[in-house]
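Asks: What follows is a structure written as structure tokens; I'll ask about it next.
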Amino acid sequence: MSTINPFGKDIISVSTEFCGRTLTLEVGRVGFRSSASVIVKYGETVVLGTAMVGSKELEGFDYFPLSIDYEEKMYAAGKISGSRFIKREGRPSDDAILIGRLIDRPIRPLWPKGYRREVQGVATVLSMDPEFRPDMVAMVAMSTAFMLTGAPFDGPVAGLRIGMDEHGSFKAFMKPEELHNGKLDLVVAGTADGIMMVEAGANEVTEEQVADALGFAYEEIQPAIDLQNELIEKLGIERQEFTVLLPDTSIQERVDAWVDGKLGEVLRKPYPERNEMVRDLRDEMEVYFAAEIGEEFADVRREYDDAFTSALHKDVRKGIIEAGIRPDGRGTTEIRTLSSETGILPRTHGSSLFTRGMTQALNVVTLAPLSYAQLVDTMERETERRYMHHYNAPGYTVGEVKRLGSPGRREIGHGYLAERAVEPVLPTEAEFPYAIRSVTEIMSQNGSTSMAATCSAVLALMDAGVPLKAPVSGIAMGLMMDGTRPVILSDIADAEDFAGDMDFKVTGTAKGITALQMDMKVHGLPVDVLKEALMQGKSGRAHILEHMLTTIGRPNEELSPYAPRVESITINPDKIRDVIGKGGEMINKIIADTGAEIDIKDDGTVMIASPDKRSIDGAIQWIRQITDDPEVGKIYENCRVVSTLDFGAFVEILPGKEGLVHISELSEDRVEKTTDVVKEGDKVTVKLVAIDDRGRLQLSIKAAKRDQKD
């Protein structure tokens, strides 16, 4: 199909059926000055994908300068930001950052090594169908835009978000509430050749079910891949010429010759001894070639360092593939030395230190009333985030000098993975009415800090007394492909990660998986290899979990003495206005008099928090008095005399609820004058003896004294 744009050129579109809806790719309508742009339509969701590719290679870069951003627009959902002060989109939300990473991860490995042109991709959501999340439509838009540039991107890529219904059947583009309430939320991205990226949150789903879901998703993404290829062929897009900046082959040959006999078994030592030996060997190599080349070595030093790193990676692969021996001497399924402890910080609500080899994570848990939950206001959702996991990894954790600043995409992503790993085992708000903040401070890095963050968080949560449904452990798996033969590694360290073909992180309980993240460095893997990695990871997780349970076997029964106590009561929702009072007068008075924090939900749940149990009891008593209905036969103590008359006294038994004590009910003795017994402002104990047909309360001091004597 084609129409004409303002420049007299065709607007070209292609369409196909994709998971029950029509998927359309359209070019030529907008984005005339970008390297490429495409509008992708799916249902009522519309995403603009734009790509910019630099005109020349950038000298001096030792990495591929690719950036991919996902832009949420509140107008796409017909919303204005709920913030009182900020109405314009500003810094991306955590959700937008995570989706940007999600799109980036399957795309980045498909560019040539050594490609050094600056590349930018932006996926902007212009219209959002609330029936499904728009992230996978954005991934198709981004992949298509890169394909349209003619740059050496080895796509196309497509992705799907898969859920599992109550019958165990898989479905794409489920409604957000279905995903939230289901047992599986799985994203799979890949090419025509295999799977490139996996990310999942799950509620103790088995490895076999995840493997089946991977196979289902891989088959379902193929129409979106075929449609991109159809568009590229229809437009006659040709690949651009390009060059790659790789180490000079003669330099690589000279370095390979120099390291001959100095790697292999000589370096197979535990960390950190191996790291120190590698550093000393690199320094020795630089001194040797600096002496041989002279002053000109300074100009090519980086190339010699790159060549040394390449030689080191080849040696790591050779040892694993040929001998089954890893850089630190471990076997392929062997886990590094584990140690952990809890309760190491005296004033915090919960703390732990988890160490695996040289990777070490300190976790601190803080508890607070539910009113401290984070408000989330994005294009897709307005909700509260009760459990928050934050991850920090300063430069010193890798032995580098780095400027401190706000968390980057990596820190946000690692924190989110650990958060997702723990969420399925958290108690409900009714069971544990607290907002929970878990902060992982990485102390040292040598591979898989996100899994260390998960393990340390679980230990700290149990130390804090959070009644988890089950403990969770996590492990990072690696892969070396020897032709078509996979060699799978359990608990990978940095050296194996850098030299390997896959980084596969999986968390779960003894019953099943709670979170999953997989990234490929080669061009796709078949499902059976991923299933093998899942099964090997299961035994590794069990080993780590066994160690964790020797440190703390179950959540502590008592909270820290420094943690706030939170109790909840339920009132009639119609009485909420009475507790709050006009302009908040009543609730503010309760808070001021008792010192407790009070949070009231629309369903009538009232959360009362204070470190002092007496404050909580006082607030509960006050709220009960306000919301309880008068009960015939009940005795009410410490009630204020509101007024006195000739025929009796009016007494307030509950806030705003008064009744009459007739002069004959003031005392067992005859009373001539009301003020002989009670005066205005006195505190008395009364019994509610009746409520007449007009709702008037009849009280008795005499009956209350009689009952108390009995």
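The values are calculated or read from the model by the stated rules, or taken from the named source; none is laboratory data. Just so it is clear, the model here is predicted, and its values are computed rather than measured. So basically every Cβ, Gly included, is an ideal-geometry build from the backbone, and we count neighbours across all protein chains shown.
Asks: Out of the strands (runs of 3 or more DSSP E) lying entirely within segment 130-192, which hold 3 or more residues that are in contact with a helix residue (DSSP H, G or I) (Cβ under 6 Å, 6 or more places away or on another chain) and crowded, with 22+ Cβ neighbours inside 10 Å?
Replies: Values: elements: 158-164, 170-172, 184-190.
The strands (runs of 3 or more DSSP E) meeting that bar are 158-164, 184-190.
Asks: Would you check which residues across segment 412-467 are acidic (Asp, Glu) and at pLDDT below 95 and list them? Give the steps one after another, and end with the answer.
Replies: Of all residues in segment 412-467, those acidic (Asp, Glu) come to 419, 423, 429, 431, 441, 463.
Result: 429, 431.
Asks: Taking only segment 498-538 into account, find how many residues are farther than 20 Å from residue 419 by Cα, β-branched (Val, Ile, Thr) and in contact with a Leu (Cβ under 6 Å, 6 or more places away or on another chain).
Replies: Of the residues in that region, 1 qualify.
Asks: Do you know which of the residues in segment 381-398 that are in a loop (DSSP other than H, G, I, E, B) and touching a strand residue (DSSP E or B) at 6+ places or on another chain (Cβ under 9 Å) is farthest from residue 460 (Cα to Cα)? Walk me through how you get there before you give the answer.
Replies: Just the residues of segment 381-398 that are in a loop (DSSP other than H, G, I, E, B), to begin with: 381, 386, 393-394.
Within this subset, residues satisfying the condition of being touching a strand residue (DSSP E or B) at 6+ places or on another chain (Cβ under 9 Å) are 386, 393-394.
Values: 386: 17, 393: 18, 394: 21 Å.
Among those that are in a loop (DSSP other than H, G, I, E, B) and touching a strand residue (DSSP E or B) at 6+ places or on another chain (Cβ under 9 Å), it is 394.
Asks: A further question on this structure: Assuming residue 616 fulfils every condition listed in (1) over 19 Å from residue 435 (Cβ atoms); (2) assigned to a helix (DSSP H, G or I) apart from one, which condition is it?
Replies: Here residue 616 meets the rest and fails (1).
Asks: Next question. Within segment 519-538, restricting attention to residues that are modelled with pLDDT of 85 or more and of a type in the set (Val, Ile, Thr), which residue is nearest to residue 102 (Cα to Cα)?
Replies: 527
Asks: Here is a further query. Where residues in segment 612-644 are of a type in the set (A, V, I, L, M), closer than 20 Å to residue 703 by Cα and out of contact with any Lys or Arg (no Cβ under 8 Å at 6 or more places or on another chain), which of them is surrounded by the fewest Cβ atoms within 10 Å (Cβ to Cβ)? Walk me through it before giving the result.
Replies: Step one: of segment 612-644, the residues of a type in the set (A, V, I, L, M) are 616, 619-620, 623, 626, 632, 635, 641-642.
Retained after the next criterion (residues that are closer than 20 Å to residue 703 by Cα): 632, 635, 641-642.
Filter once more, keeping what is out of contact with any Lys or Arg (no Cβ under 8 Å at 6 or more places or on another chain): 632, 642.
Numbers: 632: 11, 642: 13.
This residue is 632.
Asks: May I pose another question? Could you grab the pairs with beta carbons closer than 9 Å, sequence gap of 6+ or different chains, first residue in segment 244-263 and assigned by TED's automatic domain parsing to the domain that holds residue 289 and of a type in the set (Ser, Thr, Tyr), second one outside any loop (DSSP other than H, G, I, E, B) and surrounded by fewer than 18 Cβ atoms within 10 Å (Cβ to Cβ)?
Replies: none
Asks: Can you name the condition, by its number, that residue 219 falls short on among (1) in the same structural domain as residue 10 (by TED's automatic domain parsing); (2) in contact (Cβ under 8 Å) with a residue 24 or more places away in the chain?
Replies: Condition (2) is where residue 219 drops out.
Asks: Return the residues of segment 402-461 that are among the hydrophobic types (A, V, I, L, M, F, W, C) and part of a loop (DSSP other than H, G, I, E, B); say none if nothing qualifies. Explain how you work it out, then say what you get.
Replies: First pass over segment 402-461, keeping only residues among the hydrophobic types (A, V, I, L, M, F, W, C): 404, 412, 417-418, 421-422, 425-426, 430, 432, 435-436, 439, 442-443, 451-453, 455, 457-461.
If the condition is that a residue be among the hydrophobic types (A, V, I, L, M, F, W, C) and part of a loop (DSSP other than H, G, I, E, B), then 404, 426, 430, 432 are the ones that fit.
Asks: Take the residues in segment 371-397 that are closer than 17 Å to residue 446 by Cα and either touching a Ser or Thr at 6+ places or on another chain (Cβ under 8 Å) or not assigned by TED's automatic domain parsing to the domain that holds residue 429 (or both); name whichever of them is surrounded by the fewest Cβ atoms within 10 Å (Cβ to Cβ).
Replies: Looking only at segment 371-397, we keep the residues that are closer than 17 Å to residue 446 by Cα, and these are 391-397.
Going one step further and asking which of them are either touching a Ser or Thr at 6+ places or on another chain (Cβ under 8 Å) or not assigned by TED's automatic domain parsing to the domain that holds residue 429 (or both), we end up with 391-393, 397.
Working: 391: 26, 392: 16, 393: 23, 397: 19.
Looking at residues that are closer than 17 Å to residue 446 by Cα and either touching a Ser or Thr at 6+ places or on another chain (Cβ under 8 Å) or not assigned by TED's automatic domain parsing to the domain that holds residue 429 (or both), I get 392.
Asks: When residues of segment 401-419 are filtered for being more than 30 Å from residue 508 (Cβ to Cβ) and touching a Pro at 6+ places or on another chain (Cβ under 9 Å), how many remain?
Replies: Going through segment 401-419, the residues more than 30 Å from residue 508 (Cβ to Cβ) turn out to be 401-406.
From what's left, touching a Pro at 6+ places or on another chain (Cβ under 9 Å): 402, 404.
The qualifying residues number 2.
Asks: Still on this model: Considering only segment 578-613, state which residues are in a helix (DSSP H, G or I), modelled with pLDDT of 90 or more and in contact with a strand residue (DSSP E or B) (Cβ under 9 Å, 6 or more places away or on another chain).
Replies: 579, 580, 587, 590, 591, 594
Asks: Related question: Output the number of residues of segment 216-228 satisfying the condition of being in a helix (DSSP H, G or I) and crowded, with 18+ Cβ neighbours inside 10 Å.
Replies: 8
Asks: Please verify whether segment 523-539 includes one or more residues that are within 30 Å of residue 348 (Cβ to Cβ) and among the aliphatic types (A, V, I, L, M).
Replies: Filtering segment 523-539 down to residues within 30 Å of residue 348 (Cβ to Cβ) leaves none.
No, segment 523-539 contains no residue that is within 30 Å of residue 348 (Cβ to Cβ) and among the aliphatic types (A, V, I, L, M).
Asks: Scan segment 500-541 residue by residue and report those that are small (Gly, Ala, Ser) and within 17 Å of residue 331 (Cβ to Cβ). Full working, then the answer.
Replies: Going through segment 500-541, the residues small (Gly, Ala, Ser) turn out to be 500, 508, 510, 512, 515, 524, 533, 537, 539-540.
If the condition is that a residue be small (Gly, Ala, Ser) and within 17 Å of residue 331 (Cβ to Cβ), then 500, 533, 537, 539, 540 are the ones that fit.
Asks: For residues in segment 648-673 being farther than 14 Å from residue 700 by Cβ and not charged (D, E, K, R), which is surrounded by the most Cβ atoms within 10 Å (Cβ to Cβ)?
Replies: 654
For (1) surrounded by 17 or more Cβ atoms within 10 Å (Cβ to Cβ); (2) touching a strand residue (DSSP E or B) at 6+ places or on another chain (Cβ under 7 Å), each residue gets a yes or a no:
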{"residue": "230", "(1), (2)": "no, yes"}
{"residue": "239", "(1), (2)": "no, no"}
{"residue": "263", "(1), (2)": "yes, no"}
{"residue": "275", "(1), (2)": "yes, no"}
{"residue": "282", "(1), (2)": "no, no"}
{"residue": "294", "(1), (2)": "no, no"}
{"residue": "305", "(1), (2)": "no, no"}
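Asks: Note down all Cβ pairs under 7 Å where the first residue falls in segment 570-595 and is in the same structural domain as residue 620 (by TED's automatic domain parsing), the second is small (Gly, Ala, Ser) and in a helix (DSSP H, G or I), and they're at least six residues apart or on different chains.
Replies: Final answer for the pair search is 590/619; 594/615; 594/618; 594/619; 595/615.
Asks: OK, next. Between a first residue in segment 332-348 that is loosely packed, with under 13 Cβ neighbours inside 10 Å and a second residue that is β-branched (Val, Ile, Thr), which pairs have beta carbons less than 9 Å apart while being 6 or more apart in sequence or on different chains?
Replies: 337/355; 339/355; 339/551
Asks: Residue 467 fails exactly one of the following numbered conditions: (1) part of a loop (DSSP other than H, G, I, E, B); (2) surrounded by 19 or more Cβ atoms within 10 Å (Cβ to Cβ). What is the number of that condition?
Replies: Here residue 467 clears every test but (2).
Asks: If I go through segment 193-205 residue by residue, how many of them are in contact with a His (Cβ under 9 Å, 6 or more places away or on another chain) and part of a strand (DSSP E or B)? Talk me through it step by step, then tell me what you get.
Replies: The initial filter retains those residues of segment 193-205 that are in contact with a His (Cβ under 9 Å, 6 or more places away or on another chain), namely 193-194, 196.
Still in the running and part of a strand (DSSP E or B): 196.
Selection size over segment 193-205: 1.
Asks: Turning to a different aspect of this structure: Hey, which of the strands (runs of 3 or more DSSP E) in segment 620-710, taking only ones fully inside, have at least 3 residues that are farther than 29 Å from residue 596 by Cβ and either in the same structural domain as residue 573 (by TED's automatic domain parsing) or in contact (Cβ under 8 Å) with a residue 12 or more places away in the chain (or both)?
Replies: Values: elements: 635-645, 648-654, 657-662, 683-691, 697-700.
The strands (runs of 3 or more DSSP E) meeting that bar are 635-645, 657-662, 683-691, 697-700.
Asks: Could you please tell me which pairs satisfy a Cβ distance under 6 Å, a separation of 6+ or placement on different chains, a first residue in segment 76-92 that is not assigned by TED's automatic domain parsing to the domain that holds residue 381, and a second residue that is of a type in the set (S, T, N, Q)?
Replies: 76/127; 87/81
Asks: Sticking with this structure for a sec: Condition test on residue 135, is it under 16 Å from residue 172 (Cβ atoms), among the acidic types (Asp, Glu), in contact with a Gly (Cβ under 7 Å, 6 or more places away or on another chain) and in contact (Cβ under 8 Å) with a residue 12 or more places away in the chain?
Replies: Values: under 16 Å from residue 172 (Cβ atoms): yes; among the acidic types (Asp, Glu): yes; in contact with a Gly (Cβ under 7 Å, 6 or more places away or on another chain): no; in contact (Cβ under 8 Å) with a residue 12 or more places away in the chain: yes.
Here the answer is no, as residue 135 does not meet what is asked.
Asks: Quick one: how many residues across segment 71-97 are farther than 19 Å from residue 142 by Cα and either of a type outside the set (Lys, Arg) or in a strand (DSSP E or B) (or both)? If you could, list the steps in order and put the result at the bottom.
Replies: Taking segment 71-97 as the starting set, the residues that turn out to be farther than 19 Å from residue 142 by Cα are 74-75, 77-91, 93-94.
Subsequent filtering for residues that are either of a type outside the set (Lys, Arg) or in a strand (DSSP E or B) (or both) retains 74-75, 77-78, 80-83, 85-86, 89-90, 93-94.
So the count comes out to 14.
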